[in-house]
Amino acid sequence: MRPTTKDNAMTANPARAEPRPAIRLPWMLAGGFRWRKFLRPGFLSVFAIVAEALAETDVPRFSWQDAHATVLPTGDLEWSPKPFKFERGASVRYIDFEGGDDAKDGTSKETAWKHHPWDAAATGNAKACSGIHTYVFKGGVHYRGEMVVKDAGQPGNPIRLTRDPAWGNGEAVICGSEIVRGWTQGADHKDIPEPDKVWYADLDFAPRSVWMVRKGGDYLRIPLARVPNWKVSNPDDVKSEWWVWDNPRKPFGNTITNARGRVIHLGIDTKHIKDKTEDYFKGALIWPEFGWVMSCLLYTS
């Protein structure tokens, strides 16, 4: 069973229809709050106000407020973005993840940084930079890292992360993924079937998915080694082949208290894991599903 929501509406009809005092309700608009007066005899209606007065304000619009898709007669959406236009502010910094150097000043293409200042991996001048700038990423380069916003723009003077078509070849790409190299063929554990078909690499993080980039530039998702080796056989329930906690005594509330007095919730599977050796799941990651679709990552020891 999966949770669903429905729109609910509630109105109250008064016994008397005499005039009532004006009631002021706040409604929110991009850029701040306004007050709007409602004169309704006898009852208070609660309702949502749909985008109504942007044209009447001087609040600048952001790109995410504009429509970037067209609604087709069938109700489907057709991607229709506006053509890219390179815009820059008064102060510009250049970033080249492949050939940049954080020790340089970042103010020209020849002195570009490797990292954006919001990246925890930034050092030197790149790390020290703050304020309102246009950050130009080199075209054709994949920037790999994690950025946490630390600055804010101003009305009419935003912080931009963009590319200059005159610098580099192709799109500038910001990726949260990591390139994995150093793959080794073959598995040495006796319980792994067809060990010659196994490739492995040691990582300091737990990937949720792995994609192979082929020579032609296209991508192929590689299934991670897993038990069970499930596939999507039911598009309406992609997890239909997952093992299930059968919890024979009661569906929820199976707990124990550990030595530190912490209550631990148990998932009990009496069908699939009871005959495995002690080291079969040691060091493995378990992706369980609780209730409807809430899940978390568990480390085994």
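Things worth noting here:
- Residue pairs meeting the criteria (Cβ under 6 Å; at least 6 apart or on separate chains; first closer than 23 Å to F252 by Cβ and modelled with pLDDT under 75, in region 273-293; second of a type in the set (K, R) and assigned to a loop (DSSP other than H, G, I, E, B)): W292/R2
- Residues (aliphatic (A, V, I, L, M), in contact (Cβ under 8 Å) with a residue 24 or more places away in the chain and over 19 Å from G168 (Cβ atoms)) located in region 98-149: A120, A121, I132, M147, V148, V149
- Highlighted here would be strands (runs of 3 or more DSSP E) found entirely within region 110-218 that include at least 2 residues which are surrounded by 10 or more Cβ atoms within 10 Å (Cβ to Cβ) and among the polar types (S, T, N, Q), but there are none.
Yes or no, residue by residue, for (1) acidic (D, E); (2) assigned to a loop (DSSP other than H, G, I, E, B); (3) at pLDDT below 80:
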| position | (1), (2), (3) |
| --- | --- |
| N229 | no, yes, no |
| D237 | yes, yes, no |
| I256 | no, no, no |
| A259 | no, yes, no |
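- Answer from W183, W211, W242 - the residue that is within 30 Å of V136 (Cβ to Cβ) and in contact with a strand residue (DSSP E or B) (Cβ under 8 Å, 6 or more places away or on another chain): W211
The values are calculated or read from the model by the stated rules, or taken from the named source; none is laboratory data. Values in this document were obtained by computation on a predicted structure and should not be read as measured data. A quick note on method: Cβ atoms are made from the backbone with ideal geometry, for glycine too, and the neighbour counts reach across all protein chains shown.
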